[in-house]
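Report on the structure given below.
The values are calculated or read from the model by the stated rules, or taken from the named source; none is laboratory data. This is a predicted model, so every value here is computed, not measured. All Cβ positions, glycine included, derive from the backbone under ideal geometry; neighbour counts span all protein chains shown. These accessible areas exclude ligands, DNA and RNA; they are computed on the full protein's heavy atoms, side chains included. Shrake-Rupley method; radii C 1.70, N 1.55, O 1.52, S 1.80 Å.
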Amino acid sequence: MLTDYHVHLRPDEVADTPAEQFFTAANAERYRETAADRGIAELGVAEHVYRFTQALDVWDHEFWRHCARDDLDDYCAFVREETDLRLGIEADFVPGREDRMANLLEAREWDYVVGSVHFLGDRAVDYDKYDVWTSGESPDRVWKRYFEWLGEAARCGLFDILAHPDLVKVWGKERPRPDGDLRRYYERAMDGIAESRIAVEVSTAGLRKPVGELYPAPAFLEMCVEAGCPIALSSDAHTPDQLGAGYDEALEALERVGVTELSVFERRQRRTEPIGAT
Ligand SMILES: [Zn+2]
Ligand SMILES: [Zn+2]
């Protein structure tokens, strides 16, 4: 089986992507058709939690206030009633707000919850409007903090899938990067990851970003697999054509570390299935 679980039904530009235009059976069908063409049988959506008004009960960052326009329960009802897609959500790890996020998540019946670290405090690792790299912190400090938070995100137990695990590298050469063997940073996340046995996402999204690499880097993937973590495969598509993009490269990376099965989710129960297009 092949999966694509970390999928958005619309691009990130809030003003141009109203729910009524994108949360439609016809749009879901476009994704389903592309998935079928690419041999991806297990397809689910995971919209950003901060695009829903209920997320403001969790965190009131300016970016979230800008994005929070839609109703979370309407989204859930749409996916369940008008599509045959798995119902997921991409939820941010916001330290200190775990209880509030738990309340939001537990009130709804997801197939899976994708957990992400996008922000380190008020600043983002992947969004230049709130760029963490303008804070003057050294690359060493930014990377340490990112991977510490990633480990905490795994450990907190709110999430089924740990998204784009080394997202901090997203800008590639456009931002500073620590020198040498990066495993010293990955190590900082590994206790939390190993303890939680969370499904670690192999994401092809990095291939279309400035870094031009899969998340996670091969050495980090190897550490996760050695720790016994199952793998979830996704593209983080924001349009139908991005579904399953770069999967050949992802499957090669998985083969190199001996991964032969992928995580499959239903109502937050995880099982594994052998890798293979259908
Ligand atoms: Zn993300
Ligand atoms: Zn995403």
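So the values come out like this:
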item: Candidates Val14, Val45, Val49, Val7 - the one that is under 21 Å from the mean Cα position of the chain (by Cα), within 16 Å of ligand 2 (Cβ to nearest atom) and open to solvent by 10 Å² or more (accessible area, probe 1.4 Å); result: Val14
item: Failed item in (1) more than 16 Å from ligand 2 (Cβ to nearest atom); (2) assigned to a strand (DSSP E or B), with Glu90 passing the rest; result: (1)
item: Glu187 open to solvent by 40 Å² or more (accessible area, probe 1.4 Å), more than 16 Å from ligand 2 (Cβ to nearest atom) and under 18 Å from Glu152 (Cα atoms); result: yes
item: Check on Ser135, within 16 Å of ligand 2 (Cβ to nearest atom), among the hydroxyl-bearing types (Ser, Thr, Tyr) and in contact (Cβ under 8 Å) with a residue 12 or more places away in the chain; result: no
item: Flag for Trp64 being over 20 Å from Leu87 (Cβ atoms), within 16 Å of ligand 1 (Cβ to nearest atom) and part of a loop (DSSP other than H, G, I, E, B); result: no
item: Residue list for the stretch 258-278, filter: at pLDDT 95 or above, exposed (fewer than 13 other Cβ atoms within 10 Å of the Cβ) and polar (S, T, N, Q); result: Thr260, Gln269
item: Pick from the stretch 168-188, criterion within 16 Å of ligand 1 (Cβ to nearest atom) and either of a type in the set (S, T, N, Q) or in contact with a Gly (Cβ under 8 Å, 6 or more places away or on another chain) (or both), ranking: farthest from Pro210 (Cα to Cα); result: Lys169
item: Ala77 vs. criteria open to solvent by 10 Å² or more (accessible area, probe 1.4 Å), in contact (Cβ under 8 Å) with a residue 40 or more places away in the chain and of a type in the set (A, V, I, L, M); result: no
item: Lone unmet requirement of (1) of a type in the set (Ser, Thr, Tyr); (2) open to solvent by 10 Å² or more (accessible area, probe 1.4 Å); (3) touching a residue at least 60 places away in the same chain (Cβ under 8 Å) for Ser203; result: (2)
item: Yes/no for Tyr127 being surrounded by fewer than 22 Cβ atoms within 10 Å (Cβ to Cβ), within 16 Å of ligand 1 (Cβ to nearest atom) and among the aromatic types (Phe, Trp, Tyr); result: yes
item: Index of the failed condition, Asp179 passing every other in (1) more than 24 Å from Trp64 (Cβ to Cβ); (2) open to solvent by 70 Å² or more (accessible area, probe 1.4 Å); (3) in contact with a helix residue (DSSP H, G or I) (Cβ under 7 Å, 6 or more places away or on another chain); result: (3)
